[in-house]
Amino acid sequence: MSKFFIFLISHFAIASSLTDQSWGMRLLPKWGYLAIPLAAFWEGEVVLIAAGALCGRGYLDWKLTILLAAIGGSAGDQIYFYAAHERAARLIKKSKRLNKWYPKISKFVLRHSTLAVLFSRFAAGFRISIPLVCATAGMPAKKYSVLSLASGFIWASFWVAVSYQAGARLA
């Protein structure tokens with residue numbers, strides 16, 4: 001992960017020194033927006049931070065970046081949620097370890113379901129597990145979908161706002 005981050009930073013530094021006539025600046029608005037929802041679909045903080053910095057430099061639109069990241073992240077969570085209904089329940093029943101801990105975890109997640117879904121995107125390692133637990137514990141799909149989308153907008157807005165400021169100050 002750190003090598004990937006260094007790769008992005010080095011390419012960002014190169015991109016910030018390019019002129020508007022370069023091939024990089026012609027491709028960035030077209031293909032940069034494609035990378036945002038794809039990266040957000042999987043844990044895409046690094047790409048979102050880089051995109052936010054590029055927004056601060058004026059290369060990408062911050063509103064579109066937030067929208068695409070929120071949709072991409074929520075789409076990934078929806079797939080985890082719906083895939084979990086049957087598969088995760090079978091896995092829990094087969095595993096003695098999961099069968100032992102699952103009742104406590106599901107009770108906790110359902111008791112704090114709104115906060116669990118809203119902040120799961122910020123908790124490393126829980127972004128995938130929270131949708132699985134919510135689905136197998138019986139959280140209504142409509143509630144999960146609304147919370148997941150709201151969580152996506154909170155997450156994307158936070159990272160774009162923070163990295164936008166950094167990008168605006170890089171000169």
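Taking label positions 7 Å along the Cα-Cβ direction at both Lys104 and Ser145, the computed distance is 3.5 nm, reported to one decimal. Counting neighbouring beta carbons within 10 Å and listing from fewest to most, the residues Leu48, Leu115 come out as Leu115, Leu48. Each of Asp61, Asp77 was scored by other Cβ atoms within 10 Å of its Cβ. Arranged with the fewest first, they read Asp61, Asp77. Arranged from fewest to most other beta-carbon atoms within 10 Å of their beta carbon, Trp62, Trp31, Trp42 become Trp31, Trp42, Trp62. The value given for the range 72-151 is a Kirkwood hydrodynamic radius of 12.4 Å, derived from the mean inverse Cα-Cα separation. With contacts taken as Cα pairs under 8 Å at a separation of at least 6 residues, the range 39-171 carries a relative contact order of 44 percent.
Coupling constants for the range 54-65 follow from the phi torsions by the Karplus curve (6.51 cos²θ - 1.76 cosθ + 1.60, θ = phi - 60°), and in residue order they are 5, 5, x, 7, x, 7, 10, 7, 5, 5, 5, 4 Hz; glycine and proline get x.
Look at where the Cα atoms of the range 115-149 and of the range 84-104 average out, and the two centres are 17 Å apart. On the beta carbon distance between Ile154 and Ala89, with R0 = 25 Å, the FRET formula returns roughly 0.30.
Any read-out appearing in this document is the output of simple, stated calculations on the displayed coordinates, not a laboratory observation. The shown structure was predicted, so the numbers you read here are calculated from the model rather than taken from an experiment. Neighbour counts are summed over all protein chains in view; Cβ atoms, including those assigned to glycine, are modelled from backbone coordinates with ideal geometry.
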